[in-house]
């Protein structure tokens, strides 16, 4: 069994502005950097109960910047993994939520429909995104059997993880918290996923933000 601790990146200015990020390489803001430091201390404390064996991160800077303080505190190497990126939102990237229907009505309708195979102009379909995330995390679990692994990633990725572990269809509305710098634990054995804990932000109290942008 592999125990994977999945952590969403800290806050960015685009999170605060409710601007879709996707593959845009946005940095953490000061608030997000504070979240990353507090998270590092939390993980250092958790390591007393058993070491973390590896640390993976999406290769976008908001996740790398969240992972780096923890990696330094735990004396682990950050392993960049493009397969852990957020969904590519194509022409919707950079647009604020309140402007989607105005600036990109067709793409906005495709995104909001939650139809798994509906084309999103310049981006991934929901099914393509789902398949990429499941394959990447299954691969990490296979490489680290009977180990504890940290994975720094994105809100949309966590939504896929929650759905896959609970058998929730892609078409259903989101029903899980996706908190900035939150800790989410999943056990994987023989490609079967089980949620062990979700949305834990005890280390940052009121500093967490719940959104998928």
Worksheet item: Mind checking whether some residue in segment 128-138 is at pLDDT below 95, more than 15 Å from the chain's Cα centre (by Cα) and within 26 Å of residue 92 (Cα to Cα)?
Response: no
Item to complete: Could you list all residues from segment 8-32 that are in contact with a helix residue (DSSP H, G or I) (Cβ under 7 Å, 6 or more places away or on another chain) and surrounded by fewer than 18 Cβ atoms within 10 Å (Cβ to Cβ)?
Response: 18, 25, 27, 29
Worksheet item: If residue 45 passes every condition in (1) assigned to a loop (DSSP other than H, G, I, E, B); (2) under 19 Å from residue 183 (Cα atoms) but one, which one does it miss?
Response: (1)
Worksheet item: In this structure, does residue 191 turn out to be closer than 21 Å to residue 97 by Cα, touching a helix residue (DSSP H, G or I) at 6+ places or on another chain (Cβ under 8 Å) and surrounded by fewer than 16 Cβ atoms within 10 Å (Cβ to Cβ)?
Response: no
Worksheet entry | Matching residues, segment 1-34, being part of a loop (DSSP other than H, G, I, E, B) and either modelled with pLDDT under 95 or within 20 Å of residue 87 (Cβ to Cβ) (or both) | 9, 10, 11, 18, 20, 21, 22, 23, 24, 25, 26, 27
Discussion item. Considering only residues that are in a helix (DSSP H, G or I), touching a residue at least 40 places away in the same chain (Cβ under 8 Å) and either touching a strand residue (DSSP E or B) at 6+ places or on another chain (Cβ under 7 Å) or surrounded by fewer than 18 Cβ atoms within 10 Å (Cβ to Cβ) (or both), which ones fall in segment 94-136?
Written reply: 97, 98, 127, 135
Worksheet item: Within the set of pairs 6 or more residues apart or between chains, which connect a residue that is on the phi > 0 side of the Ramachandran plot and surrounded by 17 or more Cβ atoms within 10 Å (Cβ to Cβ) inside segment 158-185 to a residue that is in a helix (DSSP H, G or I) and at pLDDT 95 or above with Cβ atoms less than 8 Å apart?
Response: 181/32; 181/35; 181/36; 181/38; 181/39; 181/66
Practice prompt. Name the residue, out of 86, 147, that is surrounded by 14 or more Cβ atoms within 10 Å (Cβ to Cβ) and either farther than 21 Å from residue 187 by Cβ or in contact with a helix residue (DSSP H, G or I) (Cβ under 8 Å, 6 or more places away or on another chain) (or both).
Written response: 86
Fill in: The listed residue being in contact with a helix residue (DSSP H, G or I) (Cβ under 7 Å, 6 or more places away or on another chain), at pLDDT 95 or above and not in a loop (DSSP other than H, G, I, E, B), out of 64, 39
39
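The values are calculated or read from the model by the stated rules, or taken from the named source; none is laboratory data. None of these values were measured; they are calculated from a predicted model. Because the Cβ atoms are built from the backbone with ideal geometry, glycine has one as well, and the counts that use them run over all protein chains shown.
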